Amino acid sequence: MRLRDLVKPHELRYPSNILSMSRLALVPITLVLLRHPKRRRAAMICLAITMLTDALDGPLARMRGEVSQLGEVLDPLADKLLLNGAAIILSQTRGFPWWATGLLLFRDLGILVAAIVVIRRLDQVTPAASAGKLTTVLLTAAALLYAADGPRSGYPVLLAAMVPFSISFFQYGYRFVQLIRGE
């Protein structure tokens, strides 16, 4: 599958894809704001807005009958860029554990490599795993709490996020093996 096969111009006008593209556009702004202690409140607002768009884009696409391969790529891409970037910055500035950042980067790099293999070999885009969606919600909550209050509030939520995180890791791996085997 080529990029031009993935991007159908009319799908760029779908409200759900516009939300995902706006989330992608907010990623660098949010990460820059997270770096500056005096702009932490603005960073938290941007982070909350990006996750609100994440909560809305999928249901909106399904409700309008506009689920697209473009959306299935944009949505998790925006989530991964935002959460991985936030984890790195919060590890540098707010005590977010480096072990969690390392696990997140490792899992998401594996998901990215597997997605590329599936797209090239099977010419299809695979949707997010259910545990992956819950992981995104909990990791976002942990990032917001780390930005606001550091480990005192963020660490318990981060630990809770590790349960669906671990499940999603195995869901994605299992699905990848099934797809490659043709099951």
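The values are calculated or read from the model by the stated rules, or taken from the named source; none is laboratory data. This is a predicted model, so every value here is computed, not measured. So basically every Cβ, Gly included, is an ideal-geometry build from the backbone, and we count neighbours across all protein chains shown.
Observations
- Taking the range 36-59 as the range and being closer than 15 Å to residue 21 by Cα and crowded, with 19+ Cβ neighbours inside 10 Å as the test, the residues that pass are 46, 47, 50, 51, 53, 54, 57, 58.
- When the helices (runs of 4 or more DSSP H) confined to the range 1-64 are screened for residues that are hydroxyl-bearing (Ser, Thr, Tyr) and out of contact with any Lys or Arg (no Cβ under 7 Å at 6 or more places or on another chain), those reaching at least 3 such residues are found at 15-35.
- Residues within the range 126-140 that are crowded, with 18+ Cβ neighbours inside 10 Å, more than 16 Å from residue 179 (Cβ to Cβ) and out of contact with any Leu (no Cβ under 6 Å at 6 or more places or on another chain), tallied: 6
- Considering residues of the range 98-131 that are in contact with a Lys or Arg (Cβ under 9 Å, 6 or more places away or on another chain) and not hydrophobic (A, V, I, L, M, F, W, C) only, the residue nearest to residue 162 (Cα to Cα): 108
- Restricting the first member to the range 37-66 and to residues that are over 19 Å from residue 87 (Cβ atoms), and the second to residues that are part of a helix (DSSP H, G or I) and of a type in the set (Lys, Arg), the beta-carbon pairs closer than 8 Å and six or more apart or on different chains are 53/23; 57/23.
- Exclusive hit being in contact (Cβ under 8 Å) with a residue 60 or more places away in the chain, in a helix (DSSP H, G or I) and under 24 Å from residue 41 (Cα atoms), set 158, 103, 145: 158
- Residues (in contact with an Asp or Glu (Cβ under 9 Å, 6 or more places away or on another chain) and assigned to a helix (DSSP H, G or I)) located in the range 65-75: 69, 70, 71, 74, 75
- Taken across the range 78-89, residues that are modelled with pLDDT under 90 and part of a helix (DSSP H, G or I) do not occur at all.
- Close pairs (6 angstrom Cβ cut-off, 6 or more residues apart or separate chains): under 19 Å from residue 112 (Cβ atoms) in the range 124-142, among the charged types (D, E, K, R) anywhere: 125/72; 127/72; 136/79
- Some residue of the range 13-27 being exposed (fewer than 14 other Cβ atoms within 10 Å of the Cβ), within 28 Å of residue 149 (Cβ to Cβ) and modelled with pLDDT of 90 or more: yes
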